[in-house]
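Chemist: Provided herewith is a single structure, encoded as structure tokens, for subsequent inquiry.
The values are calculated or read from the model by the stated rules, or taken from the named source; none is laboratory data. No experiment lies behind these values; they were computed from the predicted model shown. Methodologically, a virtual Cβ is constructed for each residue, glycine included, from the backbone with ideal geometry; neighbour enumeration extends over all protein chains shown.
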Amino acid sequence: MKRIYELGDKIRDYVNTKNLYDIYYKDNLDDWMKLCVSMDILRDTCNALRYFEESGFGKDVGETYLKLYGFFQAIFLQQDAIRGLHSVITKSEFKKDENSSWSNIRELRNIIVGHPIEKKTDKTTKRTVPVQAFMSNDEFMIASWDKVKMVEEFIQIKIKVTYEQYKIDAEKQLENIYDHQIKRWGEIMDTGNWVLHNHPQK
């Protein structure tokens, strides 16, 4: 999560150094607020997830569930923040492969935290709960009832592996956003001045 935090700060520092509010967003206030909120939520979720990396899910039952739910929600919010940055800075549609680690952990959030009582898909409805006896910082088990199959499935979730894969995906997205800033508005020089490649288009 350290790298994601650093990339978020690079994007923030670029916005401040370039004074993009005055030269571009002053006349695009909604985009400016979306950019600001996205940068703040990215930093906040990085802090939350760095704390999780240091402390894990904990040992007390209440603490474990609070951190489990908070862990997935923090990732969900972080993804939305990255999507917000992508939307405002690149002015293009955010696309993600359904089989990517980004999509996989988001779907886990939807099943376990977002809509555990009733998660509808194109083919069925699932009702899911974490199995308390099989929870660790590396993996845990969920029990998921499939309405169409009429069976309860027990699925092992390798959360540490899934999380590490997600972070790689998130880093690539933020690197792309930062690179797009440079292509769009120019490089920041050591003197504090900057070279403009293309004039901002409103």
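Chemist: Examine the range 58-68 for a residue that is over 24 Å from residue 7 (Cβ atoms), in contact with a Lys or Arg (Cβ under 7 Å, 6 or more places away or on another chain) and not aliphatic (A, V, I, L, M), and state whether such a residue exists. Full working, then the answer.
Modeler: First, the residues of the range 58-68 that are over 24 Å from residue 7 (Cβ atoms): 58-68.
Filter once more, keeping what is in contact with a Lys or Arg (Cβ under 7 Å, 6 or more places away or on another chain): 58.
Applying the additional criterion that residues be not aliphatic (A, V, I, L, M) yields 58.
There is at least one residue in the range 58-68 that is over 24 Å from residue 7 (Cβ atoms), in contact with a Lys or Arg (Cβ under 7 Å, 6 or more places away or on another chain) and not aliphatic (A, V, I, L, M).
Chemist: Same structure again: Consider only pairs whose beta carbons are under 7 Å apart and that are at least six residues apart or on different chains; among these, list those whose first residue lies in the range 111-128 and is touching a residue at least 40 places away in the same chain (Cβ under 8 Å) and whose second residue is crowded, with 17+ Cβ neighbours inside 10 Å.
Modeler: 112/72; 112/128; 112/130; 112/142; 113/72
Chemist: Can you confirm whether the range 86-109 contains a residue that is farther than 30 Å from residue 32 by Cβ, exposed (fewer than 13 other Cβ atoms within 10 Å of the Cβ) and over 20 Å from the mean Cα position of the chain (by Cα)?
Modeler: no
Chemist: Any chance the range 38-56 includes a residue that's over 15 Å from the mean Cα position of the chain (by Cα) and not in a helix (DSSP H, G or I)?
Modeler: Yes, the conditions are met somewhere in the range 38-56.
Chemist: Could we say that residue 12 is closer than 24 Å to residue 110 by Cα, in a helix (DSSP H, G or I) and within 19 Å of the chain's Cα centre (by Cα) here?
Modeler: Spelling it out, it is not the case that residue 12 is closer than 24 Å to residue 110 by Cα, in a helix (DSSP H, G or I) and within 19 Å of the chain's Cα centre (by Cα).
Chemist: List, please: which pairs have Cβ atoms under 7 Å, are six or more places apart or on different chains, and start with a residue in the range 39-50 that is surrounded by 20 or more Cβ atoms within 10 Å (Cβ to Cβ) and end with one that is of a type in the set (S, T, N, Q)?
Modeler: What qualifies is 42/78; 45/78.
Chemist: Considering only residues of the range 130-166 that are of a type in the set (Val, Ile, Thr) and under 26 Å from residue 48 (Cα atoms), which is farthest from the chain's Cα centre (by Cα)?
Modeler: Taking the range 130-166 first, the residues of a type in the set (Val, Ile, Thr) are 131, 142, 148, 151, 155, 157, 159, 161-162.
If we keep only those that are under 26 Å from residue 48 (Cα atoms) too, we end up with 131, 142, 157, 159, 161-162.
Working: 131: 25, 142: 22, 157: 19, 159: 15, 161: 16, 162: 13 Å.
Within the range 130-166, the match that is farthest from the chain's Cα centre (by Cα) is 131.
Chemist: Can you confirm whether the range 27-34 contains a residue that is under 14 Å from residue 170 (Cβ atoms), modelled with pLDDT of 95 or more and not charged (D, E, K, R)?
Modeler: Scanning the range 27-34, I find no residue that is under 14 Å from residue 170 (Cβ atoms), modelled with pLDDT of 95 or more and not charged (D, E, K, R), so the answer is no.
Chemist: Let me ask another. Which is modelled with pLDDT of 95 or more and under 22 Å from residue 139 (Cβ atoms), of 81, 74?
Modeler: 74
Chemist: Taking the range 52-82 as the search range and keeping residues that are surrounded by fewer than 19 Cβ atoms within 10 Å (Cβ to Cβ) and of a type in the set (A, V, I, L, M), which one is nearest to residue 168 (Cα to Cα)?
Modeler: 77
Chemist: Would you pick out the residues in the range 19-30 that are surrounded by 16 or more Cβ atoms within 10 Å (Cβ to Cβ) and without any contact (Cβ under 8 Å) to a residue 60 or more places away in the chain?
Modeler: Residue satisfying the conditions is 25 alone.
Chemist: Which residues, counting only those in the range 158-174, are within 18 Å of residue 43 (Cα to Cα) and either in contact (Cβ under 8 Å) with a residue 40 or more places away in the chain or in contact with a helix residue (DSSP H, G or I) (Cβ under 7 Å, 6 or more places away or on another chain) (or both)?
Modeler: Residues satisfying the conditions are 163, 166, 167, 168, 169, 170, 171, 173, 174.
Chemist: Here is a further query. Go through (1) under 30 Å from residue 179 (Cβ atoms); (2) surrounded by fewer than 20 Cβ atoms within 10 Å (Cβ to Cβ); (3) of a type outside the set (A, V, I, L, M); (4) at pLDDT 95 or above one by one and return the number of the condition residue 116 breaks.
Modeler: Going through (1) under 30 Å from residue 179 (Cβ atoms); (2) surrounded by fewer than 20 Cβ atoms within 10 Å (Cβ to Cβ); (3) of a type outside the set (A, V, I, L, M); (4) at pLDDT 95 or above one by one, residue 116 breaks only (1).
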